[in-house]
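Report on the following structure.
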Amino acid sequence: MLNHDHALTHADIEKNIDPGTDRVTVYRTLKTFLNKGLIHKVLDNEGATKYALCQHCTSEEHRHEHVHFKCTNCGHTSCLDDIQIPPISLPRGFTSFEKNLLISGVCSHCSTM
């Protein structure tokens, strides 16, 4: 994950590690990293779950309610850590636990090609 500037799927991670590593071990490691505040889940508009490194999280507090951007050209999903999700007023009786905002478009790398 340190070698990529975008979120990775479980399959992406498997491609970049020792081929002898058990698939279940990868799932368990991702779960541990999530619980320790090292990574966070990024939901994809195609149903895939991706994982990205956390910038300011701990095991006690995840602070990853920022915007994600998915490039429709290369498929990479990036964290836009400096852009926070604006406050949302929910109807009475509703409680928010997590917010996800995914913007689709063309990334800066693909737009210069």
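Scan the range 84-103 for residues that are over 14 Å from the mean Cα position of the chain (by Cα) and either of a type outside the set (A, V, I, L, M) or closer than 18 Å to LYS50 by Cβ (or both) and jot them down. Within the range 84-103, GLN84, ILE85, PRO86, PRO87, SER89, PRO91, ARG92, GLY93, PHE94, THR95, SER96, PHE97 meet the criteria. Residues in the range 93-112: is at least one over 24 Å from ARG28 (Cβ atoms), surrounded by 13 or more Cβ atoms within 10 Å (Cβ to Cβ) and of a type in the set (Gly, Ala, Ser)? Scanning the range 93-112, I find no residue that is over 24 Å from ARG28 (Cβ atoms), surrounded by 13 or more Cβ atoms within 10 Å (Cβ to Cβ) and of a type in the set (Gly, Ala, Ser), so the answer is no. Scanning the range 20-36 for residues that are open to solvent by 50 Å² or more (accessible area, probe 1.4 Å) and in a helix (DSSP H, G or I) turns up ARG23, VAL24, THR25, TYR27, ARG28, THR29, LYS31, THR32, PHE33, ASN35.
Selection of the range 26-45 for residues being out of contact with any strand residue (DSSP E or B) (no Cβ under 9 Å at 6 or more places or on another chain) and modelled with pLDDT under 90 yields ASN35, LYS36, GLY37. Selection over the range 47-80 of residues that are open to solvent by 50 Å² or more (accessible area, probe 1.4 Å), among the hydroxyl-bearing types (Ser, Thr, Tyr) and modelled with pLDDT of 90 or more gives a count of 1. From the list ILE83, ILE13, ILE39, the one residue that fits, being surrounded by 12 or more Cβ atoms within 10 Å (Cβ to Cβ) and touching a Phe, Trp or Tyr at 6+ places or on another chain (Cβ under 7 Å), is ILE39.
If we scan the range 66-87, do we find a residue that is part of a loop (DSSP other than H, G, I, E, B) and acidic (Asp, Glu)? No; the residues of the range 66-87 include none that is part of a loop (DSSP other than H, G, I, E, B) and acidic (Asp, Glu). Being modelled with pLDDT under 85 and either in contact with a helix residue (DSSP H, G or I) (Cβ under 7 Å, 6 or more places away or on another chain) or of a type outside the set (Gly, Ala, Ser) (or both) is the requirement here; does ASN3 meet it? No: the conditions fail for ASN3.
The values are calculated or read from the model by the stated rules, or taken from the named source; none is laboratory data. Remember, it's a predicted structure, so these values are computed and weren't measured experimentally. Using ideal geometry, Cβ is built from the backbone for each residue, glycine included, and neighbour counts are taken over all protein chains shown. Each accessible area value is taken on the protein alone, full model and side chains, heavy atoms only, with ligands, DNA and RNA left out. Shrake-Rupley method; radii C 1.70, N 1.55, O 1.52, S 1.80 Å.
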